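Below is one structure; the comments refer to it alone.
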Amino acid sequence: MSDFDPVILVHGAWQGSWAWARFTPYLTAVGLAAHAVDLPGNGVDGSDPADVTFESCLQHVHGVVRALGRPVSLVGHSGGGLLVTAFAERWPDYVSRLVYVVGMMLPDGTSFEKLVASIRQDHPEASGIGPYLEWSADRKVSRVPAEAAMAIFLQDCTASDAAAAAAQLTPQGEGGRAVTTPATAERYGRIPRLYVEALHDRSLILPVQRAMQALAPGASVVSLPTGHAPQFSAPARLAEAIIPFLTSGRRSNARPDGSEAERVP
């Protein structure tokens, strides 16, 4: 068994585990066991994205962690940040570290949409991908047009890489995306956090990222000169930024089920 805690990689909206494929080899190369999840409704499990709830996504991640039987490091990209916060709040004993890769790191009960609206007054570009989304008639599901994805999410990739990634994006149910999450100091707040900000992000622009860091203080911060998806466009840079954090300290002695894990000498 590795002395390092397993790493659970949680993708953002419209994505899947494929978004981490270029990044995970850097983790395994240093002895980290990486598990990239596919959230319900993203086209892998066959569920209708219109029926997906945030709770079902949360329970899916819980099942992955519970099967490992030991505390983990949670890494959330973009909207995946909401899930890792909610997970840490509900099951803090399961989590040893939290990493937000340009993630939505928000304080208790704060709406990302309201935060963006407040920043948009001075930064109209804070709307990010929002104006480009295509919606179902009932507005329960959204899609990202390929050209918009390439311009907003993937502008720092080669044209061929950006096109390939944009083609893999799937419809996203609002039930798994437009939420607020609890985040108390006693539970989520006791877990070490790292925030990876992307200086050239066009989706979560830097003023939005900096506002979240100010509203939810306590995270260490590293900056990357990338767009919104450094795990895809610059995986080596992202690995260099977060591996020291993921490998810091000893792994936990406590298993999530309350039994004692093997002690590290």
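The values are calculated or read from the model by the stated rules, or taken from the named source; none is laboratory data. Bear in mind the structure is a predicted one, so any value in this text is a computation, not a measurement. Cβ placement follows ideal geometry from the backbone for every residue including glycine, while neighbour counts extend to all protein chains displayed. For accessibility, only protein heavy atoms count, side chains too; no ligands or nucleic acids. Shrake-Rupley method; radii C 1.70, N 1.55, O 1.52, S 1.80 Å.
So the values come out like this:
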read-out	value
10 Å Cβ shell holding at most 12 others, DSSP loop, GluC sites (Glu not before Pro): longest site-free stretch of the chain	1-185
Residue 200-residue 28 pseudo-label distance in nm [points 7 Å out on the Cα-to-Cβ vector]	2.9
Charge tally in the Cβ shell below 12 Å around residue 243, where Lys, Arg are +1 and Asp, Glu are -1, residue 243 excluded	+1
Mean Cα-pair separation over length for the chain, i.e. relative contact order, pairs under 8 Å, 6 or more apart, %	25
Charge dipole of the stretch 110-247 about the Cα centre (unit charges at C-beta), most positive-ward option of 192, 170, 141	192
Degrees, to the nearest 10: 235-246 long Cα axis against longest axis of the chain	40
Highest-MSF residue in the chain out of 144, 196, 221 [GNM, Cα springs under 10 Å]	221
Cβ-Cβ FRET estimate between residue 51 and residue 146, R0 fixed at 22 Å, reported to 0.05	0.30
23 Å tail of the calculated P(r), the stretch 1-97, as % of Cα pairs	21
Residues listed by number, the stretch 126-163, amide nitrogen under 20 Å from residue 215 label point at 7 Å toward C-beta	126-131
DSSP-assigned coil residues among trypsin sites (Lys or Arg not before Pro) in the stretch 114-192, each with at most 13 further Cβ atoms within 10 Å	139
Rounded percent of accessible protein surface that carbon and sulfur make up, the chain, 1.4 Å probe	53
Residues in the stretch 191-208 reached by a label modelled at residue 121 [backbone nitrogen below 17 Å; 7 Å Cα→Cβ]	207-208
Equivalent ellipsoid dimensions for the chain as semi-axes, Å, which come from the Cα gyration tensor, largest first	28, 20, 19
Theoretical FRET efficiency, 1/(1+(r/R0)^6), r = Cβ-Cβ of residue 185 and residue 134, R0 35 Å, to 0.05	0.30
